[in-house]
Amino acid sequence: DPFRAEDAIHESQFKEAKAGSDVVVMGYPLWHLLGRSTPSITNGVVAKATGINDDPTNFQLTAKVNKGNSGGPVFDMYGNLIGITQGKLDTEVIKSAGGPAPEDINFAIHIQRVSKMLKLKKSEQPKNRQLTPVKSEDLHQEMIGKVVMVAVATD
């Protein structure tokens, strides 16, 4: 069934990720241990507006990312969707290659890349835009019905 319109995130809420911006990541990390009734939330900042080798389609963030966060939303503190969590640097691979162990180097896909892939058409902007920052707990409550878990069987 399609989602209810009030549970959708309108494309007018898609904003650019900017270095230094406070963000939250929502998702279902380690859902088989932590549960799947509600999404988890972690805070961080956009560390860099680009990804590995300055890839402009991704950005680096400091919010903790674990298995199960991939595909989850990255929101700014105004409730705008700025990205989709992609993953993190693999500490073991880098250490085995003789490099230092990275900590909290995580990546997300810029939301503009997603909207281009979906070929979204601009439509009328909702009237109730958030103009002031909100607390993480309020943002979590506002977005809780908009973040869903998608599980894929691997057997």
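Within the set Ile105, Ile82, Ile109, the sole residue that is in contact (Cβ under 8 Å) with a residue 24 or more places away in the chain and either over 15 Å from Ala17 (Cα atoms) or acidic (Asp, Glu) (or both) turns out to be Ile105.
Out of Glu103, Glu142, Glu124, one residue alone is modelled with pLDDT under 70 and open to solvent by 70 Å² or more (accessible area, probe 1.4 Å). It is Glu124.
Only one entry of Asp90, Asp7 meets the criterion of being within 18 Å of Lys146 (Cα to Cα) and at pLDDT below 85, and that entry is Asp7. Please go through segment 106-121 and give me each residue that is more than 13 Å from Ser12 (Cα to Cα), at pLDDT 75 or above and of a type outside the set (A, V, I, L, M, F, W, C), ordered by number. Across segment 106-121, the qualifying residues are Asn106, His110, Arg113. Take the conditions (1) touching a strand residue (DSSP E or B) at 6+ places or on another chain (Cβ under 7 Å); (2) at pLDDT 85 or above; (3) under 26 Å from Ala5 (Cα atoms); Tyr78 misses just one of them, which is (1). Only a single item in (1) over 22 Å from Leu131 (Cβ atoms); (2) at pLDDT 90 or above is not met by Gly20, and it is number (1). Of all residues in segment 47-86, those satisfying the criterion of being open to solvent by 30 Å² or more (accessible area, probe 1.4 Å), closer than 21 Å to His140 by Cα and part of a loop (DSSP other than H, G, I, E, B) are Thr62, Lys64, Asn66, Lys67, Gly68, Ser70, Gly71, Tyr78.
The values are calculated or read from the model by the stated rules, or taken from the named source; none is laboratory data. Remember, predicted model here, so these are calculated numbers, not experimental data. As a convention, Cβ positions derive from the backbone with ideal geometry for all residues, glycine included, and neighbour counts pool all protein chains shown. With ligands, DNA and RNA removed, areas are computed over all heavy atoms of the protein, side chains included. Shrake-Rupley method; radii C 1.70, N 1.55, O 1.52, S 1.80 Å.
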